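Here's the structure we're looking at; comments come further down.
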Amino acid sequence: MPRSQRMGRGLFITGTDTGVGKTVVAGALAGLLRARGIDVGVMKPVETGCPRRNGVLLPQDALYLRERAGVADPLDDICPYPLELPAAPAVAAKAAGILLDLDRIAARYQDLAARHHVMLVEGAGGLLVPLTDTADATHLIRHLEVPALLVARTSLGTINHTLLSCHWARHLALPLVGVVLNSPAGPPSLSEEANLAALVTRLPVPLLGRVPFLPDAGADAARVEGSLDVDRLLALLELP
C-alpha cells in the first residue's frame, strides 16, 4: 500500500509553559489509545536538558512516551534532536553547534506515521518557544499539519497564560482541539479553584480533562488516564 494511504492521524501536545505536564498527558493518551487497540506512535522532536550517559544523550521524555505507547521504534526517530542544555530548543541547539531542521523532523514524523494509525507528538515548552531564529512551535505544528492539544497548569496565572495561548492559536488559524488542566505543583488552593472556574467559562475550546495532583504521575498512570475525556478527544479527531 502506498505510504500516503497508510498515514495515520496526529495530535500535537503543547503547553502554556514548560513543566506543565505535557509528557504526563501525552503518555496517558498513548496508554489509553493502546488499551483501546489503537496502534499509536509517539514523537518528541526536540528534547532539551537530556542527561549524558557513556557519552550518549538520553531523552527521558521520549523514552517514557515510547514505553507508554509500547512501541519499538528507534529512539532517533522518536527524538531526532536530543539536546543537553536545559534551555529553549533554539538556545540549546546553538550551544550544541547545530541548527534544528523542521524538514528533517517532518520526514521522521512521516516515517513514524506510516507505521502507526495515530501519532502523538509532544512539543517543547509553549507555542512561541523558539526552534530556530525564525521558527517556533507554531511553525512545526503547521509543518506537520496536525491539530494541537493545550496542557495548562492550575496555579494562579493560568487564566492569562491559557487564554493567550488559545487566542494566539486561533489568530494563526491553528486547529486547537481542547485544553487539559494539570496540577504538577500541588492541589489547587481555594483561590486557584475559583480562578479555574472562571477560566473554564472563558475557554474558546473544550476542556478535555483535569489531571489531579499526583506526586509521581508516571507511577500513577491509571489515575491520569481516568481524568481525561478520551471519548470526546477521539470524536474530535474523528477516530473510532
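The values are calculated or read from the model by the stated rules, or taken from the named source; none is laboratory data. Not measured: the values here are computed from a predicted model. Glycine also receives a Cβ, built like all others from the backbone with ideal geometry; neighbour counts cover every protein chain displayed.
Whenever a residue of the range 3-31 is farther than 18 Å from Glu225 by Cα, its partners that are at pLDDT below 90 and part of a loop (DSSP other than H, G, I, E, B), lying with C-beta atoms within less than 6 angstrom and at least six residues away or across chains, give the pairs Arg9/Leu237.
As a summary of the residue check, Leu85 satisfies the conditions (1) outside any helix (DSSP H, G or I); (2) touching a residue at least 40 places away in the same chain (Cβ under 8 Å) except for the one numbered (2). If only residues of the range 21-45 that are touching a Ser or Thr at 6+ places or on another chain (Cβ under 9 Å) and not small (Gly, Ala, Ser) are counted, the one that is farthest from Asn182 (Cα to Cα) is Lys44. Here Ser165 clears all of (1) modelled with pLDDT of 95 or more; (2) over 15 Å from the mean Cα position of the chain (by Cα) except the condition numbered (2).
Listed here are the residues, each with its yes/no results for (1) without any contact (Cβ under 8 Å) to a residue 24 or more places away in the chain; (2) surrounded by 17 or more Cβ atoms within 10 Å (Cβ to Cβ); (3) of a type in the set (D, E, K, R).
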position: Ala95; (1), (2), (3): yes, no, no
position: Leu99; (1), (2), (3): no, no, no
position: Ile105; (1), (2), (3): no, yes, no
position: His117; (1), (2), (3): no, yes, no
position: Val121; (1), (2), (3): no, yes, no
position: Leu128; (1), (2), (3): no, no, no
position: Leu131; (1), (2), (3): no, yes, no
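If you go through the range 27-51 and keep only what is modelled with pLDDT of 95 or more and more than 17 Å from Ala114 (Cβ to Cβ), you end up with Lys44, Val46, Glu47, Thr48, Gly49, Cys50, Pro51. Answer yes or no as to whether Asp61 is surrounded by fewer than 24 Cβ atoms within 10 Å (Cβ to Cβ), in contact with a Lys or Arg (Cβ under 8 Å, 6 or more places away or on another chain) and not in a helix (DSSP H, G or I). No: the conditions fail for Asp61. Pairs meeting the criteria (first residue in the range 33-61 and among the hydroxyl-bearing types (Ser, Thr, Tyr), second residue exposed (fewer than 14 other Cβ atoms within 10 Å of the Cβ) and part of a loop (DSSP other than H, G, I, E, B), beta carbons under 7 Å, at least 6 apart or on different chains) are Thr48/Pro86.
Set side by side, the residues Arg142, Arg223 differ, and just one is basic (Lys, Arg) and more than 18 Å from the chain's Cα centre (by Cα), which is Arg223. If you filter the range 167-192 down to residues that are of a type outside the set (Lys, Arg) and part of a helix (DSSP H, G or I), you find that the one that is surrounded by the fewest Cβ atoms within 10 Å (Cβ to Cβ) is Leu190.
Just so you know, in the range 98-133 the residues that are β-branched (Val, Ile, Thr) and assigned to a strand (DSSP E or B) include one that is farthest from Pro74 (Cα to Cα), and it is Val118.
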